[in-house]
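Peer 1: One structure, as structure tokens, below. Some questions next.
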Amino acid sequence: MLLRSLYLLVLVLISPGLSALQPAETDFAPPDAVQNVEPDAGLPEFVRLKFDQNKKPVSLQVAVVRFVPRDKKGSLQHVDLVSAVHIGESSYYQTINALFSHYDAVLYELVASQGTRIPKGGNERKGIVSGLQSWMRNVLGMSMQLEEVDYTAANLVHADLSPEEFNRSMKNRNESVTGLIGRAWLAGMGQQYSTQAVLSEMRLFRNLLSGNRDLALKTFVAEQMVQGIRLGDAIEGREGSTLVTVRNKKALQVLRREIAVGKQKLAIFYGAAHMQDIGRRLISEFDLVPAWTGWIDAWNLQ
């Protein structure tokens, strides 16, 4: 359970930005790769498993949720929440790169000094977080976000804390990564014997017995990621955390700045675990409402 809590934090809550501590139409048709576009009656879960007719997982999907002004006034056309997973298929990141060309500005997460630009292919990263991410990438046979997303595009805008701001907030809140792992462990203990958890582990054993161990592990981790994000509020606690809440507030400060200078079509590209809080703040603080949700395949589970 402790190991599960650790890799859930790495894959779901701990963004690639922590590695950097070591270093004109209103409703254009979404790109073809964004599947199952639906009118939105509220906030979705932002990450989900897609099942076939036999209820077998076939892909891990992430959401693109469009928010529009409630009163339809002003120049702002929309803000899209583009959910990220920090390890995924190369095809997923190709889709993300193509999607970004539709926006005036894409606000992205990266705990780094203002003005930092990630070169194509990413930087060499050191430390336990980047090491765990690299290990999981290799085990699962996929790619890493910082290596695949084109952060050199002119419309990408840094919208995150600097290392100094991050460390100051952690200190002021008396927080630590180990403390958050403890919260994840406690939240996970409450779900250990849930029906969904038991079914997930049964599916793992069945897949292992089928002989395809790599796919069995990949499917199990995907299921745990979905469950981990559903536990996000429990992990965050009443006061939130620097990892999610404080960084979200910073992103929305940058959003206000970009709207003020006349940007009309914007996106926020943050980890899926951030999106419930950001979505609620777009509704309460910006008077925006969700208009539709589309889904992109991030992991192939077949």
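The values are calculated or read from the model by the stated rules, or taken from the named source; none is laboratory data. This is a predicted model, so every value here is computed, not measured. Using ideal geometry, Cβ is built from the backbone for each residue, glycine included, and neighbour counts are taken over all protein chains shown.
Peer 1: Does the range 46-97 hold any residues that are acidic (Asp, Glu) and over 22 Å from residue 255 (Cβ atoms), and which are they? Steps first, answer last, please.
Peer 2: We begin by selecting, within the range 46-97, every residue acidic (Asp, Glu); these are 52, 71, 80, 89.
Within the range 46-97, 52, 89 meet the criteria.
Peer 1: Somewhere in the range 123-137, is a residue closer than 30 Å to residue 216 by Cβ and modelled with pLDDT of 75 or more?
Peer 2: Residues of the range 123-137 that are closer than 30 Å to residue 216 by Cβ, as a first pass: 125, 127-137.
Still in the running and modelled with pLDDT of 75 or more: none.
The answer is no; no qualifying residue exists.
Peer 1: Given the conditions (1) assigned to a strand (DSSP E or B); (2) surrounded by fewer than 22 Cβ atoms within 10 Å (Cβ to Cβ), report the number of the one that residue 299 does not fulfil.
Peer 2: Every condition holds for residue 299 apart from (2).
Peer 1: Among the residues of the range 253-289, which ones are surrounded by 19 or more Cβ atoms within 10 Å (Cβ to Cβ) and among the hydrophobic types (A, V, I, L, M, F, W, C)?
Peer 2: Selection gives 255, 266, 267, 268, 269, 272, 273, 275, 278, 282, 288.
Residue by residue, here is whether (1) at pLDDT 90 or above; (2) within 21 Å of the chain's Cα centre (by Cα) holds:
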site: 69; (1), (2): yes, no
site: 77; (1), (2): yes, no
site: 81; (1), (2): yes, yes
site: 98; (1), (2): yes, yes
site: 101; (1), (2): yes, yes
site: 118; (1), (2): no, yes
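Peer 1: On to the next question. Quick check: anything in the range 212-222 modelled with pLDDT under 80 and of a type outside the set (D, E, K, R)?
Peer 2: yes
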